[in-house]
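I have placed the structure first, in the form of structure tokens, so that the comments after it can refer back to it.
The values are calculated or read from the model by the stated rules, or taken from the named source; none is laboratory data. These numbers come from a predicted model, not from an experiment. Note that we place each Cβ from the backbone using ideal geometry, even for glycine, and neighbour counts take in every protein chain shown.
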Amino acid sequence: MDIIKYAQNPELKHDWTIDQVKQIFSLPFNDLLFYAQLIHRRFFNPNEVQTSTLLSIKTGACPEDCAYCPQSGHYNTGLSKEQLMAIEEVVANAQRAKETGATRFCMGAAWRSPREKDLPVVLEMIRSVKALGLETCVTLGMLDGDQAEQLKDAGLDYYNHNLDTSQDYYDKIITTRTYQDRLNTLQHVRDAGINVCSGGIVGMGEQQNDRYGLLMELANMPEHPQSVPINMLVAVEGTPLQDVEQLDPIEFVRTIATARIIMPLSYVRLSAGREDMNEETQALCFMAGANSIFYGEKLLTTANPDQDADRNLLKKLGINPERRDISESEHHHESERVSAAIQLRKADQASEVNTPMAEVKFTNAAS
Ligand code: SAM
Ligand code: DTB
Ligand code: SF4
């Protein structure tokens, strides 16, 4: 494919091939980051990041066997299990997250799927968190269509459900649910009109081809996920992946840049793994088009940089937390997002706010 033409006029493609993804991923690093920036600046303010705070509302003793996960009941990671949290405690955490500057509150439960008696409690949590003026996100495992509808009716903005890795590598990581199960849940979420948050984990001992495969699967879904979390494995003692070799940070940055290029309108989240990343790597991720982070000192069960460290980093980079009206989180069909983006691009080209590079002529064509 002609990456130069695509980068100058990106479209929402859902028929990416492995070879095309590989071609982009493998560009000389400077070219890759340049194209990612070019596309990023068309649709987003390059100096803003969206901030989400996580809370584990039900911890540990999960029946699934995800090899990366400290919460799986199959492994002994020394984690103390906890029942479903009281609504008041969830709301108090959400209030604190809001005060420290998060705009979205993501609640995670270590379930295969929500049980009938649990869902009404989660629905109440969603209503209460939304009432604080925060966007809401939950990740509860597999859903059927009816459960997705109930979540939508409670006002849920985003549902997180990751593909985690490529189709090929998947059964090395999880045996208790299939790739197709995940795609089905995501279809129910989309059908219910909830924004999809779906990404994966790299650094799980997969090959490069698996990273291309993950990115291809994400981009070839019927709509690009509105939010794409790219996690670097947090290797937790007691899990089967505890000793896996660390991924080269440059490879991580390439994964982010490729996600940005092939899913131009999606928020790409620099997700788990920041605690072990230096500032330079994180800065490269933002340059590569990451525009969302988990904000707050804890992910679900593991550490994340504290707010002071993050404020300091963002200040150094001149990046501001994104502020937006909660009504903007309403689900829009991809075609509506495309027309909104075209309007935005026209406005930006007129003011040249986000596209100072738009007039640059490519002289040294990378094929
Ligand atoms: N149980 C639900 C499920 O898996 O659908 C929701 C919670 S689960 C912890 C959410 C996601 O967190 C997983 O899909 C995985 O991508 C990510 N995750 C879990 N453990 C991780 C780790 N050690 N490192 C990086 N990401 C991790
Ligand atoms: C996602 O992609 N990453 C988050 C969120 N979605 C739920 C979870 C990361 C978990 C890291 C390990 C832990 O803290 O337990
Ligand atoms: Fe359970 Fe989710 Fe962890 Fe898998 S990732 S073991 S489903 S909590």
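Exactly one of these conditions fails for residue 166: (1) of a type outside the set (A, V, I, L, M); (2) over 20 Å from residue 301 (Cβ atoms); (3) surrounded by fewer than 18 Cβ atoms within 10 Å (Cβ to Cβ); (4) touching a Gly at 6+ places or on another chain (Cβ under 6 Å). Give me its number.
The single condition residue 166 does not satisfy is (3).
Among 79, 27, which is in a loop (DSSP other than H, G, I, E, B), aliphatic (A, V, I, L, M) and within 30 Å of residue 111 (Cβ to Cβ)? First the steps, then the outcome.
On the way: 27 fails: within 30 Å of residue 111 (Cβ to Cβ).
None of the other options fit; the residue is 79.
Just to be sure, is residue 198 among the polar types (S, T, N, Q), within 15 Å of ligand 2 (Cβ to nearest atom), at pLDDT 95 or above and under 29 Å from residue 251 (Cβ atoms)? Don't jump to the end; show me each part of the working.
On the way: among the polar types (S, T, N, Q): yes; within 15 Å of ligand 2 (Cβ to nearest atom): yes; at pLDDT 95 or above: yes; under 29 Å from residue 251 (Cβ atoms): yes.
Yes; evaluated as a whole, the condition is true for this residue.
Pairs under 6 Å by beta carbon, first residue free of Cβ contacts under 8 Å to residues at least 60 places away in the same chain in region 178-203, partner of a type outside the set (A, V, I, L, M) and in a strand (DSSP E or B), six or more apart or different chains?
Filtered contacts from region 178-203: 189/159; 200/164.
How many residues, within region 52-86, are near ligand 3 (Cβ under 8 Å from one of its atoms) and farther than 25 Å from residue 230 by Cα?
0
Got a number for residues in region 278-302 being among the aliphatic types (A, V, I, L, M) and within 20 Å of residue 164 (Cα to Cα)? It would help to see each step written out before you state the result.
First, the residues of region 278-302 that are among the aliphatic types (A, V, I, L, M): 283-284, 287-288, 290, 293, 299-300.
Okay, now just the ones that are also within 20 Å of residue 164 (Cα to Cα), so 290, 293, 299-300.
Of the residues in region 278-302, 4 are among the aliphatic types (A, V, I, L, M) and within 20 Å of residue 164 (Cα to Cα).
Quickly run through region 158-203 and pick out the residues that are under 17 Å from the mean Cα position of the chain (by Cα), over 16 Å from residue 226 (Cβ atoms) and of a type in the set (Val, Ile, Thr).
Once the filter is applied, which keeps residues that are under 17 Å from the mean Cα position of the chain (by Cα), over 16 Å from residue 226 (Cβ atoms) and of a type in the set (Val, Ile, Thr), region 158-203 yields 165, 201, 202.
Which one is nearest to the chain's Cα centre (by Cα), of the residues in region 204-226 that are more than 19 Å from residue 135 (Cβ to Cβ), buried (at least 21 other Cβ atoms within 10 Å of the Cβ) and more than 15 Å from ligand 1 (Cβ to nearest atom)?
Among residues in region 204-226 that are more than 19 Å from residue 135 (Cβ to Cβ), buried (at least 21 other Cβ atoms within 10 Å of the Cβ) and more than 15 Å from ligand 1 (Cβ to nearest atom), the one nearest to the chain's Cα centre (by Cα) is 219.
Collect the residues in region 82-136 that are over 18 Å from residue 58 (Cβ atoms) and part of a loop (DSSP other than H, G, I, E, B), keeping them in residue-number order.
Once the filter is applied, which keeps residues that are over 18 Å from residue 58 (Cβ atoms) and part of a loop (DSSP other than H, G, I, E, B), region 82-136 yields 101, 102, 103, 132, 133, 134.
Would you check which residues across region 105-129 are modelled with pLDDT of 95 or more, within 16 Å of ligand 1 (Cβ to nearest atom) and among the basic types (Lys, Arg) and list them?
112
Six or more apart or on different chains, Cβ under 9 Å: which pairs go from a residue in region 218-236 that's free of Cβ contacts under 8 Å to residues at least 60 places away in the same chain and farther than 16 Å from residue 285 by Cα to one that's buried (at least 23 other Cβ atoms within 10 Å of the Cβ) and among the β-branched types (Val, Ile, Thr)? Could you list them?
Here the result reads 218/228; 218/262; 225/196, each pair linking region 218-236 to a residue that is buried (at least 23 other Cβ atoms within 10 Å of the Cβ) and among the β-branched types (Val, Ile, Thr).
Kindly indicate whether residue 236 is at pLDDT 95 or above, within 16 Å of ligand 1 (Cβ to nearest atom) and more than 30 Å from residue 154 (Cα to Cα). Can you show your working first?
Values: at pLDDT 95 or above: yes; within 16 Å of ligand 1 (Cβ to nearest atom): yes; more than 30 Å from residue 154 (Cα to Cα): yes.
Yes: the conditions hold for residue 236.
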